[in-house]
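Data first, discussion second: the structure below is written as structure tokens.
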Amino acid sequence: MNPIFILVVAATAVWIYLDATKNKIGKTEKGGVFNLSAGAWAVCALLLWIIAFPAYLIKRSSLKTIAGEHPVEVKGRGIKAFIIGFVGIVWFILAAYAQYLEKFQ
């Protein structure tokens, strides 16, 4: 997998987490497929970016509306964003190293 693409995936996952927590988007009592916590949105973006990122962008305004009625406060926002970013950077380094090994074998 292209390391630059992984870097983009990691950056968008961190952005989703920070955006969702800033707008107090999170899991509420209201059910549904898109009723996810900010962390779950970020993890979905890391694992299934091609589906989760466009879904978040499409649902963002309705999620913000729901958050206006049922805001979710997140504790440890900075450290959680750092962990998501760290996982993305480790994934990037591993992919870059794998690409380096392929090139020089």
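The values are calculated or read from the model by the stated rules, or taken from the named source; none is laboratory data. Quick caveat: nothing in here was measured; it's all calculated off a predicted structure. Ideal geometry is used to build each Cβ from the backbone, glycine not excepted, and the neighbour counts take in all protein chains shown. Areas reflect the complete protein model, heavy atoms only, side chains present, ligands, DNA and RNA absent. Shrake-Rupley method; radii C 1.70, N 1.55, O 1.52, S 1.80 Å.
Quick notes on this one:
- The lysines within cross-link reach of residue 64, meaning a Cα-to-Cα straight distance under 17 Å and a gap of 8 or more places when in the same chain, are 22, 24, 27, 30.
- Charge dipole of the chain about the Cα centre (unit charges at C-beta), most positive-ward option of 55, 34, 74: 74
- Placing unit charges on the Cβ atoms of the charged side chains and taking the dipole of the chain about its Cα centre, the candidate lying farthest along the positive direction among 43, 1, 25 is 25.
- Charge dipole (debye, nearest 20) of the chain; +1 at Cβ of Lys and Arg, -1 at Cβ of Asp and Glu: 220 debye
- Accessible-area value, residue 77, 1.4 Å probe, nucleic acids and ligands omitted, Å²: 90 Å²
- Membrane-span-like helices in the chain, defined purely by DSSP H runs whose alpha carbon atoms cover 27 Å or more axially and whose average Kyte-Doolittle hydropathy reaches 0.5, are 3-22, 49-69, 77-103.
- Mean ellipticity per residue at 222 nm, deg cm²/dmol - from DSSP H runs of n ≥ 4 across the chain, formula -39500 (n - 2.57): -25500 deg cm²/dmol
- Rounded to 0.05, the FRET efficiency of the residue 47 and residue 27 pair, given R0 = 25 Å and the Cβ-Cβ distance, is 0.90.
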